[in-house]
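Single-structure report; data block below.
The values are calculated or read from the model by the stated rules, or taken from the named source; none is laboratory data. These figures come from a predicted structure and were not determined experimentally. Cβ placement follows ideal geometry from the backbone for every residue including glycine, while neighbour counts extend to all protein chains displayed.
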Amino acid sequence: MTMLFHEGNRRLQDEFESRRIADRLESFTRTAFTADDKAFIESMPYCFLATADDEGRPDCSFKGGMPGFVRVTGPSELAFPDYDGNGMFKSLGNILVNPGIGLLFIAMHGRPRRLRVNGAASVSRDDPLLAETVGAQLIVRVAATAIFPNCPRYVPSMEMLGNSIYAPSPGSEPPEPAWKDFAEFKDVVHPRQPTFKG
């Protein structure tokens, strides 16, 4: 079993008398994806990625694409593409100096569900998945160290209206976002990288 808690967690668990339930919940933590985990992750059109820099300053970002853009690639590994964005590379830059990450997969449509994946990430411009992942300019691989469900009770019930028009998909060229044409950015927008089109 992976160690999920540190002294700070334990201090609050003891203050609120929740150590026993925390220990029970920790028993559901695993380091290998189940078939159900894989199906859920690969059905999601989005997730949230938490990273921190080498001084521990945090960052959280939304990652989206067509369902299946995040895929389970091994018993304890998943991979996802980096698509053309604003060029700040906040999350991926953090990974280069501090590989510890957290991913939150959360279904806010249909049956509420949450799954957390913590692990060590790496970023590659030479990953073999680049040759088969439409729109990817980089590939991020995550070696999972803790996979665990999370209570969905506060997840709002929302309706999924459709995928983003910007999500890369085979046979279509996503439009450029309007902000790239704004006067304050237009002269400094970086070029799109060549990527696999499908």
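Annotations
- For region 1-28, the set of residues classified as polar (S, T, N, Q) and at pLDDT 95 or above consists of N9, Q13, S18, listed by residue number.
- Cross-chain or 6+ apart pairs with Cβ under 6 Å, region 5-31 first and outside the structural domain of S76 (by TED's automatic domain parsing) and without any contact (Cβ under 8 Å) to a residue 12 or more places away in the chain, then of a type in the set (K, R) and surrounded by 12 or more Cβ atoms within 10 Å (Cβ to Cβ): Q13/R19
- Set I139, I165, I147: member being assigned to a loop (DSSP other than H, G, I, E, B) and either free of Cβ contacts under 8 Å to residues at least 40 places away in the same chain or touching a helix residue (DSSP H, G or I) at 6+ places or on another chain (Cβ under 7 Å) (or both): I165
- Summed over region 140-164, residues that are of a type in the set (A, V, I, L, M) and at pLDDT 95 or above total 6.
- Where a residue in region 179-198 is over 12 Å from P168 (Cβ atoms) and its partner, wherever it lies, is surrounded by 12 or more Cβ atoms within 10 Å (Cβ to Cβ) and β-branched (V, I, T), with Cβ under 6 Å and at least six apart: K180/V189
- Total residues in region 98-116 satisfying the condition of being without any contact (Cβ under 8 Å) to a residue 40 or more places away in the chain and either assigned to a strand (DSSP E or B) or basic (K, R) (or both): the figure is 2.
- Restricting region 57-76 to residues that are without any contact (Cβ under 8 Å) to a residue 40 or more places away in the chain and out of contact with any strand residue (DSSP E or B) (no Cβ under 7 Å at 6 or more places or on another chain), the residue that is farthest from P149 (Cα to Cα): R57
- Residues in region 1-27 that are surrounded by 12 or more Cβ atoms within 10 Å (Cβ to Cβ) and in a loop (DSSP other than H, G, I, E, B): T2, L4, F5, S18.
- Whichever residue in region 146-163 is hydrophobic (A, V, I, L, M, F, W, C) and surrounded by 14 or more Cβ atoms within 10 Å (Cβ to Cβ) and, among such residues, is farthest from M3 (Cα to Cα): V155
- Residue that is farthest from D36 (Cα to Cα) [pool: residues in region 122-136 that are without any contact (Cβ under 8 Å) to a residue 40 or more places away in the chain and part of a strand (DSSP E or B)]: S124
- Residues located in region 123-138, provided they are in contact with a strand residue (DSSP E or B) (Cβ under 7 Å, 6 or more places away or on another chain) and surrounded by fewer than 16 Cβ atoms within 10 Å (Cβ to Cβ): S124, R125
- Residue in region 64-75 that is at pLDDT below 95, closer than 26 Å to I165 by Cβ and either in a loop (DSSP other than H, G, I, E, B) or outside the structural domain of A144 (by TED's automatic domain parsing) (or both) present: no
- Applying the condition of being part of a loop (DSSP other than H, G, I, E, B) and of a type in the set (S, T, N, Q) to region 168-198 and asking which residue is nearest to R111 (Cα to Cα) yields T195.
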